[in-house]
Amino acid sequence: MLLTREQLQERLIALHQASLELVKDVSLDHLLERIAELACEQAEARYAALGVLDDHGKLVKFISVGMTDDEIKRMPHPPVGKGLIGELMDAAAPLRVPVIQKHPKSVGFPPNHPPMVSFLGVPILAANRQLGQIYLTEKIGDPEFTSDDEKIIQMLAAYAVAAIQNAQLHENTRRLAVLEERERIGMDLHDGIIQSIYGVGLSLESVLHSMEDDPADAKDRIQRSIGGLSQAIRDLRAYIMDLRPRQMGTDGLMSGVKSLINEFRANTLAKVKLSGPENDILDLPQLHSLALFHICQEALANAAKHAKAKNVQISLWSTEERVLMEIHDDGRGFEVEKMSTTIGHGLANMQTRAHSAGGDIDISSVIDEGTTILAWVPRGAR
């Protein structure tokens, strides 16, 4: 049954409003499922699916809605791109079929597939390249899909282009970040801890040649090797601590900072003092507490890894408008304008954390005198 002009306009407005949310979803699988659900709702279909093609036109993802998990499990395999699906993969226009089984390209269904008769397929086109397709089957209340259904799903496909490309961009960016992080970890371990262990190994090799000739020297070398291994273990534990994402928990900012300090003490020889309110600042928004928590985490990691500090002082206090945190260490210090790439990345992270909560950060450092980091966030929500 064709829609009146008013009914079609209402459905297009509803589709527009629902589709605006699509570009906010950066999880590709969840996004594909949501597009298929919207297609079902808008065209009043019992079943819907969405396929995504790779750069070579091969079907690499197939997300369906309408079938139960048991129905999906009973089928030997998902669609592989034959029959009407294959026909649509080479098409630039929609494909609307009243009876699937009567179409010349139909190849039937796999065993245990639910019965389906009517079909509507719409390609998702970006410029001259097809990103995927929207498939609909079993029009509810009518024997076949209408031209109005086709128009509505074509509009959904246009919205889907931007949403899918956005999700793919986020996924590629995340993969690149993982590869870069793996490379950084490998370089850090090779240049630091692995070299230290290699040095211990060379020292122990020399012990083999001096055990009989100079037992006292051999004993001294073994003692130094034990010390070197112990230091390498401490460095490795500190490195793992720096990599592992830490959570503040639900106990509040002060409790979270105390947990960071306990981990820091367990993995370094530095002393840490904390001054602040006896009770947590309960009216501080969670986002603001997390910003200060992660700034403290980054500062402690820098104090151990780069500054080689012996003492760290953490102070936390509040005014009517702000909550402030100061972290001071007596380490090596550095020239802020000429900071190294690794330290600079960490300091940039701190600035991003503070700014995300509507606050700011000030970093000062003097060579051989240490570093002071002062961060603040608003007391209330922005």
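The values are calculated or read from the model by the stated rules, or taken from the named source; none is laboratory data. The model shown is predicted, which means the values in this text are computed figures rather than measured ones. Reconstructed Cβ throughout: ideal geometry from the backbone, glycine too, with neighbour counts over all protein chains shown.
With the structure loaded, tell me whether Ile164 is in the same structural domain as Leu95 (by TED's automatic domain parsing), among the β-branched types (Val, Ile, Thr), part of a helix (DSSP H, G or I) and modelled with pLDDT under 85 or whether it fails that test.
Yes, satisfied.
Does region 99-133 hold any residues that are of a type in the set (Gly, Ala, Ser) and surrounded by 14 or more Cβ atoms within 10 Å (Cβ to Cβ), and which are they? Outline the logic, then answer.
Of region 99-133, the ones of a type in the set (Gly, Ala, Ser) are 106, 108, 118, 121, 126-127, 132.
Passing the criteria: Ser106, Ser118, Gly121, Ala126, Gly132.
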> Quick one: how many residues across region 71-98 are exposed (fewer than 13 other Cβ atoms within 10 Å of the Cβ) and assigned to a loop (DSSP other than H, G, I, E, B)?
Replying inline: 6
